[in-house]
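Enquirer: Pasting a structure here, questions to come.
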Amino acid sequence: MSGIRVTKEDRITRIEFARLDKKNALTGEMYIMLAEALTAANADPQVRAVLLHGSADCFTAGNDVSDFLQPRPQGGNPPVWKLFEALPSLEKPIVAAVGGPAVGIGTTMLLHCDLVYATPSARFQLPFVPLGIVPEFGSTYLLPLMAGYQRAAELLLLGQPFTAQEAHEVGIVTALVPQERLLDEAENVALALAALPPESVRLTKRLMKGWHTQLAKAAIAEEGRLVVERLRSPEAKEAMSAFLEKRKPDFSRF
């Protein structure tokens, strides 16, 4: 089972994280399927909006760490790079619905969505520094742009969980919605976008994002290079081992 479910109806491509037994943790296969679904939606003239969601109480716990740490063939980019290329290049509006955990890339991918709706109980986290690596998906550029440097520094350097209300205050979340209404509300917004003049929507999105696209892509590339470098570091190895062994990491010797 891939863990990604894709449907198309009412001019909307709906992409669902569907691996609830693992809190929708993302594998390499899921990244490829997610990127392919976004690329197909972008090319389909019948599709006018994209809706991205998990369940009402779980968006995604981020990377499946066991899968993430598997050795990859030398010389090629990991599967997540397909998402790094597809989502920032999406010309059509994308609406995200977030309930429960949105960890790591579960939060950074939201920075590339156009409208994000979350339940009051949703929880966000950017735990890259505590794991001995660096943030990814352009978050070191986009989050300071949205939130201001000091709020972004608090979230990215400390890497602690934060609430949906805090995510709303810093601009990651558009609005808070009761859990029982989350998916319906996000779908209604996607339907409203799909009913608008499609070229006007596409051009307006391009105008709003276009000024920052090249810098965001440059940040993604540099972050990616440093993540690969950091994964080989003693700090990251200790942090990842501690995570898998469910113990507190010891950085005192570094």
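Enquirer: List the lysines whose alpha-carbon lies under 20 Å from that of LYS205, not counting same-chain residues fewer than 8 positions away?
Expert: LYS92, LYS217
Enquirer: For the chain, set up a Gaussian network in which alpha carbons nearer than 10 Å are linked by springs, and say which option among GLY210, GLY76, GLY100 fluctuates the most.
Expert: GLY76
Enquirer: Here's a follow-up. Suppose the chain between GLU235 and THR39 were pulled fully straight at 0.36 nm per residue; how much longer would it get relative to their current alpha carbon spacing?
Expert: Gain on extension, GLU235 to THR39, equals 67.0 nm.
Enquirer: Would you list, by chain and number, the lysines whose Cα falls below 29 Å from the Cα of LYS246, excluding same-chain residues fewer than 8 positions away?
Expert: LYS22, LYS23, LYS237
Enquirer: Can you give the Kirkwood hydrodynamic radius for the stretch 155-231, in Å, rounded to one decimal and based on Cα pairs?
Expert: In the stretch 155-231 this quantity evaluates to 16.1 Å.
Enquirer: Right, another one. Can you tell me, using C-alpha contacts under 8 Å and at least 6 residues apart, the relative contact order of the stretch 139-208 as a whole percent?
Expert: Relative CO of the stretch 139-208 lands at 18 percent.
Enquirer: Let me ask another. Where the eigenvalues come from the Cα gyration tensor of the chain, what are the semi-axes √(5λ) of the equivalent ellipsoid, largest first, in whole Å?
Expert: 29, 19, 19
Enquirer: Stokes-Einstein diffusion coefficient for the stretch 13-52 at 10 °C in a medium of 1.306 mPa s, Rh from the Kirkwood formula over Cα pairs: what value in µm²/s? It would help to have the intermediate numbers written out before the result.
Expert: Working: Rh = 11.0 Å.
Result for D is 145 µm²/s.
Enquirer: How many nm is it between the label spots at ALA221 and ALA18, if each spot is 7 Å from the Cα in line with the beta carbon?
Expert: It works out to 3.7 nm between the two label points.
Enquirer: Additional query: What are the residues whose amide H is under 5 Å from the amide H of THR27, where those residues sit 5 or more places off or on another chain and H is modelled from the backbone?
Expert: Result for THR27 returns ASP64.
Enquirer: For every other residue with a beta carbon closer than 14 angstrom to the beta carbon of PRO45, add +1 if it is Lys or Arg and -1 if Asp or Glu, then tell me the sum.
Expert: +2
Enquirer: Scan around ILE4 for amide H atoms under 5 Å from its own, H built in the peptide plane at 1.01 Å from N, and keep only partners 5 or more places away or cross-chain.
Expert: Hits under the 5 Å cutoff: ALA18.
Enquirer: Sticking with this structure for a sec: At q = 0.24 Å⁻¹, what is the log10 ratio I(q)/I(0) for the stretch 59-148, with the Debye formula run over Cα points and no solvent?
Expert: Evaluating at q = 0.24 Å⁻¹ gives log10 I(q)/I(0) of -1.47.
Enquirer: Now for a separate question. If Lys and Arg each add +1 and Asp and Glu each add -1, what is the summed charge of the other residues whose beta carbon sits under 15 Å from the beta carbon of PRO120?
Expert: Net charge around PRO120: -3.
Enquirer: Return LEU131, LEU176, LEU196 ranked ascending by Cβ neighbour count within 10 Å, so the fewest neighbours appear first. Please list the in-between numbers first.
Expert: Details: LEU131 21, LEU176 17, LEU196 13.
By the 10 Å Cβ count, ascending: LEU196, LEU176, LEU131.
Enquirer: Related question: Of the chain, which part is the longest with no trypsin sites (Lys or Arg not before Pro) in a loop (DSSP not H, G, I, E, B) and with at most 13 other C-beta atoms within 10 angstrom?
Expert: In short, 1-231.
Enquirer: OK, next. Go through the stretch 189-254 and name the GluC sites (Glu not before Pro) that are in a DSSP coil and have 12 or fewer other Cβ atoms within 10 Å of their Cβ.
Expert: Of the GluC sites (Glu not before Pro), the ones in loops of the stretch 189-254 whose Cβ has at most 12 other Cβ atoms within 10 Å are GLU245.
Enquirer: Beyond 20 Å, what share of the Cα-Cα pairs of the stretch 113-254 remains, rounded to the nearest whole percent?
Expert: When every Cα pair of the stretch 113-254 is considered, 60 percent fall beyond 20 Å.
Each value in this text was obtained by applying a stated rule to the coordinates, not by laboratory testing. Please read all numbers here as calculations on a predicted model, not as lab measurements. Neighbour counts run over all protein chains shown; Cβ positions are idealised from the backbone, glycine included.
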